[in-house]
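Asks: Structure in structure tokens, see below.
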Amino acid sequence: MSSPAGLDSADVRIHNLGLLMRRLVDGPSSRSELAAAVGLSRGTVTALVDVLSDAGLVRESSVVASGTGRPRTMLTLAADGFAFAAVQLDADQAIFLAHDLAGEELVRVAEHHGRPMGDPDAVIDVAAHVIGAGLDELDSLCRAPVGLTVVVLAPVGGEPRIVLADTDLGWGQVDVLGMLRAREPRLPADALLSSDEPAALAEAQLLPGERFVLYLKSNSGIGGAYLADGAFIQGAHALAGAVGHLPVDHDGLPCACGQRGCLVNVAGPDVVLAAAGMADVRDRDGLTAALAAFVERVRAGEPTATAAFASASVWIARTIAILRMTLDPSVIVLGGYWADLSQQIAEATTPRLRLGVDGALAPTPPIVAGRLGADAALLGALHQARDAAIADPLRLAAR
Ligand SMILES: [Zn+2]
């Protein structure tokens, strides 16, 4: 574990420094506890801690009594000059969130954009303003962002990555990072554009025994990601997981992506709200608030909302059944407002997933509700950035 085969001594040292940082993310620890946790000698850990301490990444926080009577000096993460930042751009608003290395929230800025359909410039203006305000706040805390991830709730692809189509905002292809950089030059050069993978990762981390996690969500549009043995299946053009554009209705209406009858056009949030007679609520209060009200109506058994979701559930069940046989997940996690209606979706879907007589051929994968709510994507993006940074602590310290 501490000396992986095929690595030279410099790589091993970086690997071991990363192990200590990883352990300290979970809370303060003594040198002896670190040595026991990562399987290194006390002397090696002391030398490595000196390196991290000199780099400003670790400091001694307190001295506590131990059972043997010998006091222990506790170590804690320092890195007071850094922050991890992420921005979410959805159908209602842009949100900037920054955490420190230990996962404490430092800055949160949000601004509604009013959903101007087919007008990327107006939406990107708001996102750039939110990023600028967030960076200003980090500046006032004397912290520099370590990278920055922009999460859009739409399929992304290409190199560099762009939004391919966003039905919620009426967009075709949009170079979000390029447009943001033109407005906010402080956008870090290594800024990333992500779709649903961060949320999938964050939810999967709450299911430690599961190796094959299919994440499906609907909030802005419909999306998903498939995590197999710790890696995302992305495909040749990073399109895998763009579930909203699975063309389930062969003779359906043309979609902005170029296909016909995409899932988002037959079971997306706007379709469901219109069928429930709630388009006016969406126009007045925004998509997020309208979906929350819709969930309440379905749970209360209100007939129009219940019928609208039953119609959508036929398409959702068909999609899940197709994906199950394509990907063979061990668990299916629902995010966005689908998390709140996971019981209804499971009831519509599970009977169609049985293989063999009474399901004897393979177990039916459970359909479970995601637990992270509206912040799932932002939290996942921040965890990804932190994990990448602490895997090479000295590069982090050199920034
Ligand atoms: Zn489509």
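The values are calculated or read from the model by the stated rules, or taken from the named source; none is laboratory data. Small disclaimer: the values here were computed from a predicted structure and weren't measured. Positions of Cβ are generated from backbone atoms using ideal geometry, with glycine treated the same way; all protein chains shown enter the neighbour counts.
Asks: Could you run through region 145-170 and say how many residues are in contact with a strand residue (DSSP E or B) (Cβ under 6 Å, 6 or more places away or on another chain), within 14 Å of the ligand (Cβ to nearest atom) and under 21 Å from His129 (Cβ atoms)?
Replies: Qualifying residue count for the region: 3.
Asks: Among the candidates Arg354, Arg386, Arg324, Arg395, single out the residue that is more than 20 Å from Glu104 (Cβ to Cβ), crowded, with 17+ Cβ neighbours inside 10 Å and of a type in the set (Lys, Arg). Spell out the reasoning first.
Replies: Values: Arg354 fails: crowded, with 17+ Cβ neighbours inside 10 Å; Arg386 fails: more than 20 Å from Glu104 (Cβ to Cβ); Arg395 fails: crowded, with 17+ Cβ neighbours inside 10 Å.
Testing whether each residue is more than 20 Å from Glu104 (Cβ to Cβ), crowded, with 17+ Cβ neighbours inside 10 Å and of a type in the set (Lys, Arg) leaves just Arg324.
Asks: Considering each of Ala110, Ala36, Ala85 in turn, give the residue that is in a helix (DSSP H, G or I) and modelled with pLDDT of 90 or more.
Replies: When all the criteria are applied, what remains is Ala36.
Asks: Within 18 Å of Ala381 (Cα to Cα) and in the same structural domain as Asp387 (by TED's automatic domain parsing), is that true of His112?
Replies: no
Asks: Give me the pairs: first residue in region 348-372 and within 18 Å of Phe212 (Cα to Cα) and in contact (Cβ under 8 Å) with a residue 40 or more places away in the chain, second residue basic (Lys, Arg) and outside any helix (DSSP H, G or I), beta-carbon distance under 8 Å, and six or more apart or on different chains, which are they?
Replies: Gly370/Lys217
Asks: So, Ala228, is that one more than 16 Å from the ligand (Cβ to nearest atom) and touching a residue at least 24 places away in the same chain (Cβ under 8 Å) or not?
Replies: Spelling it out, Ala228 is indeed more than 16 Å from the ligand (Cβ to nearest atom) and touching a residue at least 24 places away in the same chain (Cβ under 8 Å).
Asks: Same structure, new question: Does any residue of region 346-353 turn out to be at pLDDT 95 or above, under 26 Å from the mean Cα position of the chain (by Cα) and under 27 Å from Gln88 (Cα atoms)?
Replies: No, the conditions are met nowhere in region 346-353.
Asks: Return the only residue of Ala79, Ala47, Ala94, Ala98 being over 25 Å from the mean Cα position of the chain (by Cα) and small (Gly, Ala, Ser).
Replies: Ala47
Asks: Working only within region 375-391, note down all residues that are over 20 Å from Ala79 (Cβ atoms) and out of contact with any helix residue (DSSP H, G or I) (no Cβ under 8 Å at 6 or more places or on another chain).
Replies: Across region 375-391, the qualifying residue is only Asp375.
Asks: Go through region 21-32 residue by residue and tally those that are closer than 16 Å to Asp50 by Cβ and either out of contact with any strand residue (DSSP E or B) (no Cβ under 8 Å at 6 or more places or on another chain) or free of Cβ contacts under 8 Å to residues at least 12 places away in the same chain (or both).
Replies: Total satisfying the criteria: 0.
Asks: Right, something else. Within the group Gly244, Gly268, Gly277, Gly286, which residue is over 25 Å from the mean Cα position of the chain (by Cα) and in the same structural domain as Ala307 (by TED's automatic domain parsing)?
Replies: That would be Gly277, the only listed residue that is over 25 Å from the mean Cα position of the chain (by Cα) and in the same structural domain as Ala307 (by TED's automatic domain parsing).
Asks: Can I ask one more? Take residues that are aliphatic (A, V, I, L, M) and tell me which of the helices (runs of 4 or more DSSP H) falling wholly in region 288-398 contain 2 or more.
Replies: 303-327, 342-349, 376-390, 393-398
Asks: Can you list the strands (runs of 3 or more DSSP E) lying wholly within region 124-232 that have 2 or more residues being at pLDDT below 95 and farther than 30 Å from Ala369 by Cα?
Replies: Filter on region 124-232 gives 144-152.
Asks: Give me the residue from region 241-270 that is in a helix (DSSP H, G or I) and within 13 Å of the ligand (Cβ to nearest atom) and, out of that set, nearest to Ala200 (Cα to Cα).
Replies: This residue is Val243.
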